[in-house]
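I'd like to ask some things about the structure below.
The values are calculated or read from the model by the stated rules, or taken from the named source; none is laboratory data. Given the structure is predicted, the values throughout are model-derived calculations rather than measurements. In this analysis, Cβ positions are derived from the backbone assuming ideal geometry, glycine residues included, and neighbour counts consider all displayed protein chains.
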Amino acid sequence: MQSPCQLVAILDAGAQYGKVIDRRVRSLHVESIMLPMNTPTHQLNKYSAIIISGGPESVYSKSAPKFDPRVLKLNKPILGICYGMQLMVHLLGGKVEALDRREDGPCTIQVNPKSKLFASLKSKQQVLMSHGDSITQLPAGFTAIAHSGQIVAGIEGQDGRLFGVQFHPEVDLTPNGLIILQNFLFKIAKLSGNFTIKDRVGQAIKDIRQQVGQKQVLVLVSGGVDSTVCATLLRQALKPDQIKAIHIDNGFMRQNESAGVKLALEKQGIQLKVISASTEFFKQLHRVTHPETKRHRIGDTFMRVTKQAIKDLGLGDDSMLAQGTLRPDLIESASKIASRQANAIKTHHNDSPTVRKLRQSGRVIEPLSDYHKDEVREIGRQLGLPPSLVWRQPFPGPGLAIRLLCAQKPYMLPNFKTIQHQLDQFSTPQITATLLPARTVGVQGDGRTYSYFVGLSGERSWSTLLKLAKEIPKQIRQINRVIYIFGDQLKSPVTQITPTYVTPENITQLRQADYIVNQILIEFNLVRKLSQVPVISFPIGFDQPGCRSIAIRTFMTNDFMTGVPALPGQDMPMQALNKMVKQILKQVPGIARVAYDLTSKPPGTTEWE
């Protein structure tokens, strides 16, 4: 550990990107630590700089996390991000209010390059905004150093010590965010940047040995890079007879997935037992439609099957469970391990209530829980894993079950017609914006939303369509996702759905579409270029009653916390996209339309559920 003058404290207000701040600071060779928002002022005195994270609350909320106002008088450089800036303003006598316009997604702002925080940057910057409230009055002694239209997007105190930004400099969707953090750490806080992270593989192996001792470990392997790296670390850290590796086929896997997983891992010297449990999983999801209920039941079923496997394999009562859980999994699940304040976006199957109970009893080992996807891939490279495993596209543990949107009836609240009327302003003779009677999961203002999505149809002007996809959720809070629907332009409202549940037949239909998309991704060498490409079935047949539709959700990211869709014709070759649409409609029975997800994250999550 460095001397105290080289430590940065990150006060956690519950931001979904809180851990990304920590990782970005560490990537700049500055040591940081995440602390509770209410950390006593005297404990913060040993840190040379403080960053206050964003969070889902309003500063006026009864449950809003707060810090001691005396922190602002410590004579330390402080950077408030999003909620962190608003709380700083509120505590110093400024005013924060909820305006008619909120911002969730990429925005262009104007910055003052004369401010040290924006040194070396141009006056126009692309950033990620995610907020409901806005600053309407600055505290005494503060000036605005950035604006998004009339909204204050950055502030600076007159002594050059206190700064705040309304956007998220830590994420990929703020391209120059790392420069902003560099400016704060080096130009403002005067840190040296000489902290280097030691050999992570060696440290992980040491931690595993210390935690496991002579106990036996059951490692759950999905075949993705996370669980594969986890299993490989265990193999290097422990004796061969201490490790049992299983792969649970839940019936929601991709085509030929389980056989491929077994073959790939055996080449790495990991003997894998495949357990077929599809009947049990389908039984638990009978007529279930809500995504969180799905995730909870899938997670708990995994645990029940695992417990039986422990018994069948003759493992002792003190045996441990190993998982390839990553930091984003815990952040999105709002696990207290990652954040005391975060709002749950979705429950990951490896952080279900049953898993949390096992974790509290000390029987879960998660050597990757402090890392993000790109860091795990780096560990995989250090371990000598082949590129085919290291760069494999992520696939959720619950599998295709959470890519099948289920519903019993149309989702049409009393505000349905009102929202459609608001949408009409975005329609032109060439492009129609249609509210769809179903829901998807989104992340808006650092919180989870489960709400409407919109279909654009008509002329394929991708730049125009992407602009609409950014603007619509900003102006209409009840919408968190925008898609483009291939085929004829929609002329009438869509008010009907095809009742859909998790059944073998519906999973098979989705699996066929998923296989087509993934084969074309391989054909056009897009697997590494596109970080993730979920294929989703949604219960709308449009002009074909009884049918469903397929959505292709391309996602480009480095941090797997934020990202943008691939731009057709640039990131996604039109030849490849057109081939996907054509083959799905031709080869998969019961599919009415194919759609392309235009939504960045936020406001839409990577997965639809």
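If you go through the stretch 279-297, how many residues are touching a residue at least 60 places away in the same chain (Cβ under 8 Å) and either assigned to a helix (DSSP H, G or I) or of a type in the set (S, T, Y) (or both)?
So the count comes out to 6.
Moving on. Restricting attention to the stretch 167-175, does a residue exist that is closer than 30 Å to Q125 by Cα, surrounded by fewer than 22 Cβ atoms within 10 Å (Cβ to Cβ) and out of contact with any helix residue (DSSP H, G or I) (no Cβ under 8 Å at 6 or more places or on another chain)? Spell out how you get there, then give the answer.
Taking the stretch 167-175 as the starting set, the residues that turn out to be closer than 30 Å to Q125 by Cα are 167-175.
So of that shortlist, the ones also surrounded by fewer than 22 Cβ atoms within 10 Å (Cβ to Cβ) come out as 172, 175.
Keeping just the survivors that are out of contact with any helix residue (DSSP H, G or I) (no Cβ under 8 Å at 6 or more places or on another chain) gives 172, 175.
The answer is yes, given that some residue of the stretch 167-175 is closer than 30 Å to Q125 by Cα, surrounded by fewer than 22 Cβ atoms within 10 Å (Cβ to Cβ) and out of contact with any helix residue (DSSP H, G or I) (no Cβ under 8 Å at 6 or more places or on another chain).
Inside the stretch 16-49, can you point out the residues that are assigned to a loop (DSSP other than H, G, I, E, B) and under 20 Å from the mean Cα position of the chain (by Cα)? Lay out the reasoning, then the answer.
Of the stretch 16-49, the ones assigned to a loop (DSSP other than H, G, I, E, B) are 16-17, 28-30, 37-40, 45-48.
Across the stretch 16-49, the qualifying residues are Q16, Y17.
Across the stretch 300-340, which residue is nearest to V217 (Cα to Cα) among those that are at pLDDT 85 or above, small (G, A, S) and surrounded by fewer than 23 Cβ atoms within 10 Å (Cβ to Cβ)?
Here the residue is S319.
Is it true that T136 is at pLDDT 95 or above, touching a strand residue (DSSP E or B) at 6+ places or on another chain (Cβ under 8 Å) and either outside the structural domain of L28 (by TED's automatic domain parsing) or among the hydroxyl-bearing types (S, T, Y) (or both)? Steps first, answer last, please.
On the way: at pLDDT 95 or above: no; touching a strand residue (DSSP E or B) at 6+ places or on another chain (Cβ under 8 Å): yes; either outside the structural domain of L28 (by TED's automatic domain parsing) or among the hydroxyl-bearing types (S, T, Y) (or both): yes.
Taking the combined requirement at face value, the residue does not satisfy it.
If I filter the stretch 358-380 down to residues being charged (D, E, K, R) and within 23 Å of the chain's Cα centre (by Cα), which single residue comes out as modelled with the highest pLDDT? Steps first, please.
Within the stretch 358-380, the subset charged (D, E, K, R) is 359, 363, 366, 370, 373-375, 377-378.
Applying the additional criterion that residues be within 23 Å of the chain's Cα centre (by Cα) yields 359, 366, 370, 373-375, 377-378.
On the way: R359: 73, E366: 89, D370: 74, K373: 78, D374: 76, E375: 78, R377: 84, E378: 82.
Top of the filtered list is E366.
Looking at the stretch 531-544, which of the residues that are at pLDDT 95 or above and assigned to a loop (DSSP other than H, G, I, E, B) is surrounded by the most Cβ atoms within 10 Å (Cβ to Cβ)? Talk me through it step by step, then tell me what you get.
Step one: list which residues in the stretch 531-544 are at pLDDT 95 or above, which gives 533-542, 544.
Then keep just the ones that are assigned to a loop (DSSP other than H, G, I, E, B); that gives 533-534, 539-542, 544.
On the way: V533: 23, P534: 24, P539: 26, I540: 24, G541: 19, F542: 21, Q544: 14.
Ranking the candidates gives P539 first.
Would you confirm whether or not the stretch 31-42 contains a residue that is touching a strand residue (DSSP E or B) at 6+ places or on another chain (Cβ under 8 Å) and either crowded, with 24+ Cβ neighbours inside 10 Å or outside the structural domain of P169 (by TED's automatic domain parsing) (or both)?
Our first condition is that a residue be touching a strand residue (DSSP E or B) at 6+ places or on another chain (Cβ under 8 Å); within the stretch 31-42, this holds for 31-37, 39.
Retained after the next criterion (residues that are either crowded, with 24+ Cβ neighbours inside 10 Å or outside the structural domain of P169 (by TED's automatic domain parsing) (or both)): none.
So far as the stretch 31-42 goes, no, none of its residues is touching a strand residue (DSSP E or B) at 6+ places or on another chain (Cβ under 8 Å) and either crowded, with 24+ Cβ neighbours inside 10 Å or outside the structural domain of P169 (by TED's automatic domain parsing) (or both).
Kindly provide the set of residues from the stretch 371-410 that are farther than 25 Å from D22 by Cα and among the hydrophobic types (A, V, I, L, M, F, W, C), ordered by number.
L385, L389, F395, L400, A401, I402, L404, L405, C406, A407
List the number of the failed condition for I179; all other conditions in (1) of a type in the set (V, I, T); (2) modelled with pLDDT of 95 or more; (3) buried (at least 20 other Cβ atoms within 10 Å of the Cβ) hold.
In the conditions (1) of a type in the set (V, I, T); (2) modelled with pLDDT of 95 or more; (3) buried (at least 20 other Cβ atoms within 10 Å of the Cβ), I179 misses (3) alone.
Can I ask one more? Go through D226, D241, D300 for me and flag whichever is closer than 30 Å to G384 by Cα, in a helix (DSSP H, G or I), under 28 Å from the mean Cα position of the chain (by Cα) and charged (D, E, K, R).
Values: D241 fails: under 28 Å from the mean Cα position of the chain (by Cα); D300 fails: closer than 30 Å to G384 by Cα.
Only one candidate qualifies: D226.
Among residues belonging to the stretch 483-520 that are in contact with a Gly (Cβ under 8 Å, 6 or more places away or on another chain), under 20 Å from M572 (Cβ atoms) and of a type outside the set (F, W, Y), point out the one that is surrounded by the fewest Cβ atoms within 10 Å (Cβ to Cβ).
Here the residue is I485.
So, one more: Looking only at the stretch 281-297, how many residues end up being charged (D, E, K, R) and within 22 Å of the chain's Cα centre (by Cα)? Outline the logic, then answer.
First, the residues of the stretch 281-297 that are charged (D, E, K, R): 283, 287, 292, 294-295, 297.
When the remaining residues are screened for being within 22 Å of the chain's Cα centre (by Cα), the result is 292, 294-295, 297.
Adding up the residues that qualify gives 4.
If N112 satisfies all but one of (1) within 29 Å of V564 (Cα to Cα); (2) crowded, with 20+ Cβ neighbours inside 10 Å; (3) touching a Phe, Trp or Tyr at 6+ places or on another chain (Cβ under 7 Å), what's the number of the condition it fails?
(2)
Among (1) within 17 Å of F542 (Cβ to Cβ); (2) under 22 Å from the mean Cα position of the chain (by Cα); (3) among the hydrophobic types (A, V, I, L, M, F, W, C); (4) crowded, with 24+ Cβ neighbours inside 10 Å, which single condition is A438 missing?
(4)
Do any residues in the stretch 183-196 that are farther than 15 Å from S115 by Cβ have Cβ atoms under 9 Å from those of residues that are among the aromatic types (F, W, Y), where the two are at least six apart or on different chains, and which pairs are they?
S192/F186; G193/F186
Among the residues that make up the stretch 481-500, is at least one of them over 30 Å from Q430 (Cβ atoms), at pLDDT 95 or above, touching a helix residue (DSSP H, G or I) at 6+ places or on another chain (Cβ under 9 Å) and in the same structural domain as A433 (by TED's automatic domain parsing)? Lay out the reasoning, then the answer.
At the first step, the residues of the stretch 481-500 found to be over 30 Å from Q430 (Cβ atoms) are 499-500.
Now narrow it down to the ones that are at pLDDT 95 or above: 499-500.
Remaining after also requiring touching a helix residue (DSSP H, G or I) at 6+ places or on another chain (Cβ under 9 Å): 500.
Filter again for in the same structural domain as A433 (by TED's automatic domain parsing), leaving 500.
Checking the stretch 481-500: at least one residue is over 30 Å from Q430 (Cβ atoms), at pLDDT 95 or above, touching a helix residue (DSSP H, G or I) at 6+ places or on another chain (Cβ under 9 Å) and in the same structural domain as A433 (by TED's automatic domain parsing).
Here is a follow-up. Quick one: in the stretch 84-109, which of the residues that are of a type outside the set (V, I, T) and either part of a helix (DSSP H, G or I) or free of Cβ contacts under 8 Å to residues at least 24 places away in the same chain (or both) is surrounded by the fewest Cβ atoms within 10 Å (Cβ to Cβ)?
To start, the set of residues in the stretch 84-109 that are of a type outside the set (V, I, T) comprises 84-88, 90-95, 97-107.
So of that shortlist, the ones also either part of a helix (DSSP H, G or I) or free of Cβ contacts under 8 Å to residues at least 24 places away in the same chain (or both) come out as 84-88, 90-91, 100.
Working: G84: 29, M85: 28, Q86: 31, L87: 26, M88: 28, H90: 21, L91: 17, D100: 5.
The extreme case among them is D100.
Let me ask you something else. Being of a type in the set (V, I, T), in contact (Cβ under 8 Å) with a residue 60 or more places away in the chain and not in a loop (DSSP other than H, G, I, E, B) narrows it down to one of I483, I472, so name that one. Steps first, answer last, please.
Working: I472 fails: in contact (Cβ under 8 Å) with a residue 60 or more places away in the chain.
Only one candidate qualifies: I483.
Report yes if some residue within the stretch 386-394 is outside any loop (DSSP other than H, G, I, E, B), out of contact with any Lys or Arg (no Cβ under 8 Å at 6 or more places or on another chain), of a type in the set (G, A, S) and more than 29 Å from L315 (Cα to Cα); otherwise report no. Please lay out each step first, then the result.
Step one: of the stretch 386-394, the residues outside any loop (DSSP other than H, G, I, E, B) are 387-390.
Subsequent filtering for residues that are out of contact with any Lys or Arg (no Cβ under 8 Å at 6 or more places or on another chain) retains 387-389.
Narrowing further to those that are of a type in the set (G, A, S): 388.
Retained after the next criterion (residues that are more than 29 Å from L315 (Cα to Cα)): 388.
Scanning the stretch 386-394, I find at least one residue that is outside any loop (DSSP other than H, G, I, E, B), out of contact with any Lys or Arg (no Cβ under 8 Å at 6 or more places or on another chain), of a type in the set (G, A, S) and more than 29 Å from L315 (Cα to Cα), so the answer is yes.
Quick one: which of R381, R377 is touching a Phe, Trp or Tyr at 6+ places or on another chain (Cβ under 9 Å) and within 30 Å of S27 (Cα to Cα)?
On the way: R381 fails: touching a Phe, Trp or Tyr at 6+ places or on another chain (Cβ under 9 Å).
Matching residue, one of R381, R377: R377.
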